[in-house]
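Student: Pasting a structure below so you can have a look.
Bear in mind that the values in this text are calculations on the coordinates, not laboratory data. Everything quoted here is computed from the prediction, not taken from an experiment. With ideal geometry, Cβ positions are generated from the backbone for all residues, glycine too; neighbour counts draw on all protein chains shown.
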Amino acid sequence: MKATPSYRAFQVFNALVMTLVVLLTLYPFVYLVAQSFSSEAAVYAGKVSFFPVEFTTQTYELVLGKPDFYRYYGNTIMYAVLGTLISVTATAVLAYPLSKEKLRLNKFFIPFVLFTMYFSGGLIPNYVLVAQGLHLRDTIWALIIPGAISAFNVILVKTFFSSLPNEVEEAATVDGLGVYGIFTRITLPLSKPILATMVLFSMVAIWNDWFSASLFLQSKEKWPVALYLRQIIDSAVNSTEFGATDASYAQIAATIKSSAMLLTSLPVICIYPFVQRYFVQGMMIGAVKG
């Protein structure tokens, strides 16, 4: 079909709008990169926009030169991998029976899951539960177990499971598969889009979580990199740590925030392209049908 003039005008307008949206989305990240490689004087003078001014890598050299940085980065990778595995598994196991409307008490338990989306015990009861009730203080499980299941994620996965055709499970039952066989060999392989979405959600949440670590981890050796970088920011602003001179300290104070943001977000940015196609499909199917 030949495109009409009005349709071509719409294509041009759509391309211009999408280009503007992309530029507005990318600019904050580009600004962070430029600021992290600029000098202290240029940052405070407001000269940094798209490109670094008076290029320098002093901040990265001071941060990456610390051996502790790599240990904390390793801690974060371990927490993210272990926590994501537990979170996705627990979410799928809970969402699967909730997606079966014929199961008894199904509609009885769903409101309990929804209730936790809007109400919680609060910070102090949660701390008492984790530290004294479960005795998880100063352990990595304090960062993983309390937030292993998100009600929002459960609803998304439940909706996706409900969208799968029942005929597939009925055929598997005829072939002799039981409930666990259907779940592991039929449902989970067909649910790659939503599971990839849950992996991304869980990994990002654990990777960026420094507050839980500040509450429950007493040993600095167990810190995640997000908490470590936060401590560096406080130290750069309030003291002259790292044995730096006055000039280098000023450089850290001016660019440490942007450098820390880049160091923490870079792994997520590198992983996202590999799960992006699953992410879009999983969110659309898991969020639309209900």
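Student: Between the alpha-carbon centers of region 110-157 and region 180-199, tell me the distance in whole angstrom.
Tutor: 24
Student: I've got another one for you. For the chain, count all C-alpha to C-alpha pairs, find those more than 33 Å apart, and express that count as a whole percent of the total.
Tutor: Value for the chain (Cα pairs over 33 Å): 43 percent.
Student: If exposed means no more than 14 neighbouring beta carbons inside 10 Å and the site is in a DSSP loop, what's the longest run of the chain without any exposed GluC sites (Glu not before Pro)? Could you put the intermediate results ahead of the total?
Tutor: Numbers: sites that count: 54, 101.
With GluC sites (Glu not before Pro) excluded where exposed in loops, the chain gives 102-290 as its longest stretch.
Student: Could you give each residue of region 150-160 its phi-based ³J(HN,Hα) in whole Hz, using Karplus coefficients 6.51, -1.76, 1.60 with θ = phi - 60°, and x for Gly or Pro?
Tutor: 3J(HN,Hα) across region 150-160, in whole Hz: 10, 4, 4, 5, 4, 5, 4, 5, 4, 5, 5.
Student: Which whole-number percent gives the relative contact order of the chain, counting Cα pairs below 8 Å spaced six or more residues apart?
Tutor: Reported as a whole number, the value is 28 percent.
Student: A further question follows. P(r) of region 1-128 in 5 Å steps, Cα pairs, percent per bin?
Tutor: Bins of 5 Å from zero give 2, 8, 7, 7, 8, 9, 9, 11, 12, 11, 8, 4, 2, 0 percent of pairs.
Student: Additional query: What list of ³J(HN,Hα) values in whole Hz, one per residue of region 266-275 in order, does the Karplus curve 6.51 cos²θ - 1.76 cosθ + 1.60 (θ = phi - 60°) give from phi, with Gly and Pro shown as x?
Tutor: For region 266-275, the Karplus-derived couplings read 4, x, 5, 5, 6, 7, 4, x, 6, 10 Hz, x marking Gly and Pro.
Student: What are the chymotrypsin sites (Phe, Trp or Tyr not before Pro) within region 108-146 that DSSP puts in a loop, where the Cβ has at most 14 other Cβ atoms within 10 Å? Intermediate values should be presented prior to the final figure.
Tutor: Working: sites: 108, 109, 112, 115, 118, 119, 127, 141; in loops: 119.
Here the chymotrypsin sites (Phe, Trp or Tyr not before Pro) that fit, given the DSSP loop and packing criteria, are 119.
Student: With loop defined by DSSP as not H, G, I, E or B, and exposure as at most 16 other Cβ atoms within 10 Å, which is the longest segment of the chain clear of exposed trypsin sites (Lys or Arg not before Pro)?
Tutor: Formally, the longest exposed-site-free interval is 138-288.
Student: Another question, then. Step through the residues of region 257-265 one at a time and calculate ³J(HN,Hα) from phi using the Karplus curve (6.51 cos²θ - 1.76 cosθ + 1.60, θ = phi - 60°), rounding each to whole Hz and writing x for Gly and Pro.
Tutor: With coefficients 6.51, -1.76 and 1.60, one gets 5, 5, 5, 5, 4, 5, 5, 7, 8 Hz.
Student: Next question. So if we plug the beta-carbon distance of residue 4 and residue 30 into 1/(1 + (r/R0)^6) with R0 = 35 Å, what FRET efficiency do we get, rounded to 0.05?
Tutor: So the FRET efficiency works out to roughly 0.40.
Student: May I have the pair-distance distribution P(r) for region 5-44, computed from all Cα-Cα distances with 5 Å bins from 0 and rounded to whole percent?
Tutor: Spelled out per bin, shortest first, that is 6, 21, 14, 13, 11, 10, 8, 7, 5, 3, 1.
Student: Just rank 263, 23, 64, fewest to most, by other beta-carbon atoms within 10 angstrom.
Tutor: Lowest to highest Cβ neighbour count: 23, 64, 263.
Student: Multiply the residue separation of residue 188 and residue 221 by 0.36 nm, subtract the distance between their alpha-carbon atoms, and state the gained length in nm to one decimal. Display every interim value, and only then the final one.
Tutor: Working: separation 33, 0.36 × 33 = 11.88 nm, distance 3.67 nm.
Taking 0.36 nm per residue and subtracting the Cα distance, the gain is 8.2 nm.
Student: Using the basic label-point model (7 angstrom from Cα toward the beta carbon), what is the residue 114 to residue 175 distance in nanometres?
Tutor: 3.6
Student: Just to verify a number: FRET efficiency for residue 101 and residue 205, C-beta to C-beta distance, R0 = 22 Å, to 0.05? Numbers along the way, then the final one.
Tutor: Values: r = 30 Å, r/R0 = 1.35.
Efficiency, from the Cβ-Cβ distance: 0.15.
Student: How much mean residue ellipticity at 222 nm does the chain get from its helices, if each DSSP H run of length 4 or more adds -39500 (n - 2.57) and you divide by all residues, to the nearest 500 deg cm²/dmol? Present the calculation step by step, with values, prior to reporting the outcome.
Tutor: Working: 14 runs with 205 residues, N = 290.
Calculated from helices alone, the mean residue ellipticity at 222 nm is -23000 deg cm²/dmol.
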